[in-house]
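One structure is given here, and the rest of the page talks about it.
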Amino acid sequence: MRSGLFLPIFGELSDPRVTAGLVAEAEAAGFDGVFVWDHVQYRSPATHVADAWTTLAAVAVATERVRIGPLVTPLPRRRPHIVARQATGIDQLSDGRLVLGVGSGRDSARELSAFGEELDDGARGAMLDEALEVMTALWSGDEVRHEGTHYAADRVTFQPTPVQRPRVPVWVAGRWPNRKPLRRAARYDGYFPIGLDAPGQLAELVGELGELPSGTSFEVVVEGWPGDDPAPWGAAGATWWLIRFSPFDVDAAGVRDVIAAGPPT
């Protein structure tokens, strides 16, 4: 099981230079990956929200080994052709270390309703599926002709392509026990279950994943607080353990304390 940090890029961490420096320190300490939240605003008292993609560009050039990526980007409130370009750029800057975490998003911080975005859960799920289809096609480097319910790509060819082939790895987030995101994840490269209370729940969903068609290399990503024991989660099927931080009081000093303790064994 690999280990990483899961950073809300708020407050002091809204400065991409601060976050890039922290990720470089985490890499030197032996962590395998660092992933950042992707929000345009968040609930009070969190303030000073960073753009995930700008931050990832800074992180990419400050590091050499760790896996990086947004966890997760709510694709229904982004344009898939723009994200395809952004992801390609980050994959180039990082020499093929990007992971694209995706989800349908929700409105708990009014990130949808405040900006006139789609509020229906089912519609956002359909938008997510179609966006992933469009992005995968654009990453191929071939001409794309797509006329869908939500998106269009009319005889376009995107170059350059990502470093990773045939595409950037995609991890799909979902709130357990909702099975639709689980089935979506099985078509891609990983699953990030949100809202798990116990390793037994993870073992249950991993068992269901085993019954679904998926690639030979599939990641199951779980999060926990500093000091939590990852061993039961690894035994239940997790392949990544991410140390999380509170979005309301995260700061560089607190992250450095966790980095100094090193990856959990």
- Query: Does at least one position in segment 141-157 carry a residue that is outside any strand (DSSP E or B), closer than 28 Å to Val34 by Cβ, of a type outside the set (Val, Ile, Thr) and in contact with a Phe, Trp or Tyr (Cβ under 8 Å, 6 or more places away or on another chain)?
  - Reply: no
- Candidates Ala28, Ala46, Ala60, filtered to the one that is of a type outside the set (Val, Ile, Thr), touching a Leu at 6+ places or on another chain (Cβ under 7 Å) and on the phi < 0 side of the Ramachandran plot: Ala60
- Query: Would you pick out the residues in segment 95-147 that are exposed (fewer than 14 other Cβ atoms within 10 Å of the Cβ) and aromatic (Phe, Trp, Tyr)?
  - Reply: Phe115
- In segment 190-219, which residues are at pLDDT 95 or above and either of a type in the set (Asp, Glu) or under 19 Å from Thr73 (Cβ atoms) (or both)? Gly190, Tyr191, Phe192, Pro193, Glu219
- Task: Could you identify the single residue in Arg155, Arg183 that is of a type in the set (D, E, K, R) and either within 19 Å of Ala235 (Cα to Cα) or within 21 Å of the chain's Cα centre (by Cα) (or both)?
- Result: Arg183
- Message: Which of the helices (runs of 4 or more DSSP H) found entirely inside segment 5-123 contain at least 2 residues meeting this: farther than 24 Å from Pro162 by Cα and touching a residue at least 12 places away in the same chain (Cβ under 8 Å)?
- Response: 16-29
- Result of the Cβ filter at 7 Å on segment 191-213, keeping first residues that are of a type in the set (Gly, Ala, Ser) and partners that are at pLDDT 90 or above and surrounded by fewer than 18 Cβ atoms within 10 Å (Cβ to Cβ), at least 6 apart or interchain, is Gly195/Arg175
- Kindly check whether there is at least one residue in segment 168-185 that is touching a helix residue (DSSP H, G or I) at 6+ places or on another chain (Cβ under 8 Å), buried (at least 17 other Cβ atoms within 10 Å of the Cβ), part of a loop (DSSP other than H, G, I, E, B) and modelled with pLDDT of 95 or more. yes
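The values are calculated or read from the model by the stated rules, or taken from the named source; none is laboratory data. Computed from a predicted model, the values in this text were never measured in an experiment. Note that we place each Cβ from the backbone using ideal geometry, even for glycine, and neighbour counts take in every protein chain shown.
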